[in-house]
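For reference, the structure discussed in these notes is given below.
The values are calculated or read from the model by the stated rules, or taken from the named source; none is laboratory data. Here the structure is a predicted model, which means the values were calculated and not measured. Every residue, glycine as well, gets a Cβ built from its backbone with ideal geometry; the counts of neighbours run over all protein chains shown.
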Amino acid sequence: MARLTAISGVGGKLPAAFLLEIEGKRLMLDLGEGPEPGVFPAVEGIGAVDAICLTHAHMDHAGALHLAEDLGNPPIYATQATFDNLGALAPAATRRRILPVNGPAEIAGVTVSLGRCGHAPGGVWFHFAHAGGILYTGDWSVESALLPFDPPPPAHLLVTDASYGDRDTSLTDQIDAIARMAAAGAVLPVPGGGRGPEMIVALAARGLQPRACPQIGREMQALAEDSRSVDAGGRQAMRNFLANPVDGDWRPTDVIVATEANAQAGLSATLLRRLEEGFRFIFTSHVPRNTPAHRLLASGRADWLPWNVHPRRQDVLDLADRTGASRIMAAFVDPDAMPQLGESLGKRLITDRTITLSPVAGHSNGQDS
Ligand SMILES: [Zn+2]
């Protein structure tokens, strides 16, 4: 028997924390904060777990590692790139267990297979062969030109990122729109360990001359060498950009890709303080309340255009069909934002927070909790 419980991450744009009880072990899949600052999973009463497994380094999946104390301080499993991108949040080296970016591995003695998720450098999905297959995607995308998405094996239970609900516009169209708006100069804030390097490459391919903040520059250097996360074409694009360094102060007429995503830190925060010089901000990701980005947008002094880093409605449906999943949990999304997706998934969609799977594929029960 296996049991999966959504501690947090279903019913809204909430931090990820899924407890998988399998083969006598208890695995916490992700342990995040946010996206709204200060929102944490309620881990009281869960007790000790055997491992914390991180899909990628973003705050809403890895930002609550301090809660590991309440879970018995177990080892933390993630890929090397994820640990590298955790920065100050990274656990002590003695508690780290390195996972491959794809292929088989063991977590606390439980066999798992992993694949690249196309969402963040070193980001992975987890697949457990138990009970007809259990797939936890974390965040994922099939649209990245830089980060590959490895197709997962069949799974009876699919817990999938559905952040965008019914959104179905393509990243290609979105980049065209951003390139047009940014052409006269723009600051494009991005999260660390995220879309920054890809944004540089995509805007350069559309004839702009984007500049990278120091952190994005370092990420591009790392990706240029990372043959496990990035294919040869992507690594060459990184090297091409890095071969032409541009010095000098930042100007409002520059196209600047800069961390952090909500102008709360990094070069984007620095340039926000120089707003009166004419810097124009274009935000492209979910903007939490109580952030500088939110205040700037609310006052009408910045623009927002989408840049897909999560699956579109059709991508979720394709994954559901490809895995053959008969039970599907839609994560990180407000149910009101996915009426069409919900209708298409029909009876496959689970609304319970806990699902119990028998060892025989195809037998499962939703349980209230
Ligand atoms: Zn993410």
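Tabulated values for the structure
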| item | result |
| --- | --- |
| Residue among Leu67, Leu19 that is in a helix (DSSP H, G or I), at pLDDT 95 or above and assigned by TED's automatic domain parsing to the domain that holds Asp352 | Leu67 |
| Test: Ala261 is surrounded by 20 or more Cβ atoms within 10 Å (Cβ to Cβ), touching a residue at least 24 places away in the same chain (Cβ under 8 Å) and touching a Phe, Trp or Tyr at 6+ places or on another chain (Cβ under 9 Å) | yes |
| Filter result for the condition that a residue is in contact (Cβ under 8 Å) with a residue 40 or more places away in the chain, outside any strand (DSSP E or B) and closer than 24 Å to Ile350 by Cβ, over Thr82, Thr55 | Thr55 |
| Which listed residue, of Gln215, Gln221, Gln174, is closer than 27 Å to Phe281 by Cα and more than 20 Å from the chain's Cα centre (by Cα) | Gln221 |
| Subset of the stretch 208-245 (residues that are in contact with a strand residue (DSSP E or B) (Cβ under 9 Å, 6 or more places away or on another chain), assigned to a helix (DSSP H, G or I) and closer than 25 Å to Asp150 by Cα) | Ile216, Glu219, Met220 |
| The stretch 165-207, subset β-branched (Val, Ile, Thr) and more than 27 Å from Leu341 (Cα to Cα), residue farthest from the ligand (Cβ to nearest atom) | Val187 |
| Residue match in the stretch 231-244 (condition: more than 16 Å from the ligand (Cβ to nearest atom), outside the structural domain of Gly123 (by TED's automatic domain parsing) and among the basic types (Lys, Arg)) | yes |
| Among residues of the stretch 276-325, those that are modelled with pLDDT under 95, among the hydrophobic types (A, V, I, L, M, F, W, C) and away from the ligand (no atom under 16 Å from the Cβ), counted | 0 |
| The stretch 61-78 residues that are within 16 Å of the ligand (Cβ to nearest atom), paired with ones that are assigned to a helix (DSSP H, G or I) and of a type outside the set (D, E, K, R) (beta carbon under 8 Å, 6 or more apart) | Ala62/Thr82; Ala62/Leu89; Gly63/Leu89; Leu65/Leu89; Ala78/Ala62 |
| Listing of strands (runs of 3 or more DSSP E) fully contained in the stretch 100-162 that carry 2 or more residues being over 16 Å from Asp315 (Cα atoms) | 103-107, 110-116, 124-128 |
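Residues are listed down the side, and each one gets a yes or a no for (1) modelled with pLDDT of 95 or more; (2) closer than 30 Å to Leu349 by Cα; (3) part of a loop (DSSP other than H, G, I, E, B):
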residue: Gly165; (1), (2), (3): yes, yes, yes
residue: Thr169; (1), (2), (3): yes, yes, yes
residue: Thr172; (1), (2), (3): yes, yes, no
residue: Ala179; (1), (2), (3): yes, no, no
residue: Ala184; (1), (2), (3): yes, no, yes
residue: Leu188; (1), (2), (3): yes, no, no
residue: Pro191; (1), (2), (3): no, no, yes
residue: Gly194; (1), (2), (3): no, yes, yes
residue: Met199; (1), (2), (3): yes, no, no
